[in-house]
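Structure first, commentary second.
The values are calculated or read from the model by the stated rules, or taken from the named source; none is laboratory data. Every value quoted in this text rests on a predicted model; they were computed, and no experiment measured them. Here Cβ is always computed from backbone atoms with ideal geometry, including for glycine, and neighbour counts include all displayed protein chains.
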Amino acid sequence: MKLENIRTIFFDYDGTLHDSTYLYVPAFKKAYDFLVKEGYAKKKNWKIEEITQWIGYNPAIMWKEFMPNLSEDLRNYCSNIITEEMSSLIELGHPKLYEGSTEVLGYLKSKGYTLVLLSNCKKTYLDGHCKFFSLENYFDRLICSQEFNYLPKYEILSSIKSDYSGEMVLVGDRKQDIESGLKNNMFTIGCSYGFGLEEDLIEANIRINDIRELMNLF
């Protein structure tokens, strides 16, 4: 597959376009502090990388893997703490896109590519970012996994890719992003500056160290 034949570009969001550290870390700590206060967890001094490892997971899977012994009600409650805290931080102006993100999106849009955002997030989170960054000015479609009942990304891609023509590429920083693209016969671009581990991107067709490298590829 040649990049010059690409017509549709699917983007992950957190760790690819958006540096989620500024929102997710304080929100995670608030949810964990609640669990400590209620006696469900032990107090801990978290390292940043211990928290950011969960960025990019859909909330249901994150809580099942992080604290599987919690009841479903408690996991949902803590998930909502994170959602509400991140929404508050968005309102306070804390979100930060990676430098060059809007420049790249504007460039790709001007070149006539169809741009689709596909994020493992809740709708309130995506709506908040759309409002803050006017993402609808860049993307032809904005999708959160909650709209698909938190199906794995590769299943969501499989169900929507027929809506688009031409060759397609997926850009993301996590193993599930790369796997999603490969399972759907898409070219994959791994973002090594995101929150994934080195081994997450082994199967990516191309790796980039800065989002602005996309302007040299397309």
Residue check for Ser162: farther than 24 Å from Glu49 by Cβ, of a type in the set (Gly, Ala, Ser) and without any contact (Cβ under 8 Å) to a residue 60 or more places away in the chain: yes
Please name all residue pairs, on different chains or six or more residues apart, with Cβ atoms under 6 Å, provided the first residue is in segment 183-199 and is within 15 Å of Ile9 (Cβ to Cβ) and assigned by TED's automatic domain parsing to the domain that holds Glu167 and the second residue is modelled with pLDDT of 95 or more and among the aromatic types (Phe, Trp, Tyr). none
When segment 159-193 is examined, which residues are found to be touching a Leu at 6+ places or on another chain (Cβ under 9 Å) and among the small types (Gly, Ala, Ser)? Ser159, Gly172, Ser180, Gly181, Gly190, Ser192
Can you confirm whether Asn45 is of a type outside the set (A, V, I, L, M, F, W, C), assigned to a loop (DSSP other than H, G, I, E, B) and without any contact (Cβ under 8 Å) to a residue 24 or more places away in the chain? yes
Single residue of segment 105-148 satisfying the filter (under 22 Å from Gly181 (Cβ atoms) and of a type in the set (Lys, Arg)) that is surrounded by the fewest Cβ atoms within 10 Å (Cβ to Cβ): Lys111
Name every residue in segment 200-218 that is among the β-branched types (Val, Ile, Thr) and touching a residue at least 60 places away in the same chain (Cβ under 8 Å), in order of residue number. Ile211
